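Q: If you scroll down you'll find the structure; I have some questions about it.
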Amino acid sequence: AGRVGIGSAIPDHALDVNDTGLARIRIRNDATASGSYASLNLHTAKGNWSLYSEGTSSANNYLKIWNNVDGSVFYIKEGGNIGINEDSPDQILHITHGSSPTIRTTLSDTTVSQNDVFGAWEFESLDSSTGSSGVIGKIDCIAGNTFDGTSTNGSAIRFHTSGTNSISLTERLRITSD
């Protein structure tokens with residue numbers, strides 16, 4: 001009832017595309033004028049989300065995720081730079097927010113023990129010419145104690161660097177909660 005099947009005699013959805021190789025759908029716009037784009041729009045009674053491919057040349061081509069409440073919220077620029085609430089990301093990851101740009105990592109384990117890692121940022125070198133490829137630095141946040149709901153719960157932020165061997169990170173600085 002009202003279903004279209006491409007490669008499927010009995011479609012399960014409003015549009016059902018089936019292929020034994022790569023099932024691909026192309027939305028194409030060959031115009032090069034400013035403001036030309038190809039998009040996929042998802043609409044519900046509560047809001048709209050759109051996926052756009054936009055740009056007038058390969059130098060300023062980007063993929064954009066947009067919603068009708070907040071506007072453009074996610075960009076991937078030609079070359080790989082990602083913008084969150086930033087339409088001109090000039091770094092690999094560029095986050096913009098009007099009042100509180102925050103990055104959060106969450107440990108989903110509900111039983112936290114001493115030294116469990118809440119989150120970490122690692123810095124890696126791919127230069128194998130000197131034998132120093134691998135993680136050469138790390139910042140992490142760990143539990144100071146087993147979390148049991150008491151005031152002795154705490155955390156520490158640790159800074160690790162490597163000497164000449166990138167496999168062997170050494171803690172160089174620890175900031176504790178006491």
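Q: Going by the alpha-carbon gyration tensor, a ≥ b ≥ c the square roots of its eigenvalues, is the stretch 94-134 rounded (a/c under 1.5) or, if a/c is not under 1.5, prolate (a/b greater than b/c) versus oblate?
A: Cα axes put the stretch 94-134 in the oblate bin.
Q: While we're here: Using a Förster radius of 41 Å, what is the FRET efficiency between ILE84 and ASP148 based on their Cβ-Cβ separation? Nearest 0.05, please. List each step's numbers first, then the result.
A: Details: r = 36 Å, r/R0 = 0.88.
For R0 = 41 Å, the calculated efficiency reads 0.70.
Q: Could you give the accessible area per residue of the chain, probe 1.4 Å, as a whole number in Å²?
A: Value returned for the chain: 73 Å² of accessible area per residue.
Q: Largest first, please: the extent of the C-alpha atoms of the stretch 1-86 along each principal axis, to the nearest Å.
A: Largest to smallest, the principal-axis extents are 43, 32, 23 Å.
Q: Under 10 Å, Cα contacts only: if you run a Gaussian network model on the chain, which one of LYS77, LYS64, LYS138 comes out with the highest mean-square fluctuation?
A: LYS138
Q: Here is a follow-up. What number, in percent, do you get for the relative contact order of the stretch 1-86 if the mean sequence gap of Cα pairs under 8 Å and at least 6 apart is divided by its residue count?
A: Once divided by the residue count of the stretch 1-86, the mean separation gives 14 percent.
Q: With the chain treated as a Gaussian network of Cα nodes joined by springs under 10 Å, which of ASN68, ASN29, ASN115 yields the largest mean-square fluctuation?
A: Result: ASN115 has the largest fluctuation of those listed.
Q: Something else: Give me the Debye-computed log₁₀ of I(q)/I(0) at q = 0.08, 0.14, 0.16, 0.20 Å⁻¹ for the chain, equal point scatterers on Cα only, no solvent, two decimals.
A: The computed values of log10 I(q)/I(0) come out as -0.51, -1.02, -1.09, -1.27.
Q: For LYS64, go through the aspartates and glutamates and keep the ones whose alpha-carbon is under 18 Å away, minus same-chain ones fewer than eight residues off.
A: Within the straight-line limit of under 18 Å, LYS64 reaches these aspartates and glutamates: ASP30, GLU54, GLU78, GLU86, ASP87, ASP90.
Q: Net charge near VAL4, counting Lys/Arg +1 and Asp/Glu -1 over other residues with Cβ under 13 Å of its Cβ?
A: Values: positive: ARG3; negative: ASP12, ASP16.
The answer is -1.
Q: Which one of LEU51, LEU126, LEU42 has the biggest mean-square fluctuation once the chain is modelled by GNM with Cα springs under 10 Å?
A: LEU126
Q: Also: ALA120: net charge of surrounding residues, Cβ under 11 Å, Lys/Arg +1, Asp/Glu -1, itself excluded?
A: Values: positive: LYS138, ARG158; negative: GLU122, ASP140.
Net of charged neighbours comes to 0.
Q: Can you give me the % of accessible surface on the stretch 1-79 that is carbon or sulfur? Probe 1.4 Å, all protein chains present, nothing else counted.
A: 53
Q: Averaging sequence separations of C-alpha pairs under 8 Å and six or more residues apart, then dividing by the length of the chain, give the relative contact order as a whole percent.
A: Taking the mean separation of contacting Cα pairs over the length of the chain, I get 9 percent.
The values are calculated or read from the model by the stated rules, or taken from the named source; none is laboratory data. Being a predicted model, the structure only gives us computed values, none of them experimental. Note: ideal-geometry Cβ built from the backbone for every residue, glycine included; neighbour counts use all protein chains shown. The protein model used for the area step is the full one, side chains on, heavy atoms only, and it has no ligands, DNA or RNA in it. Shrake-Rupley method; radii C 1.70, N 1.55, O 1.52, S 1.80 Å.
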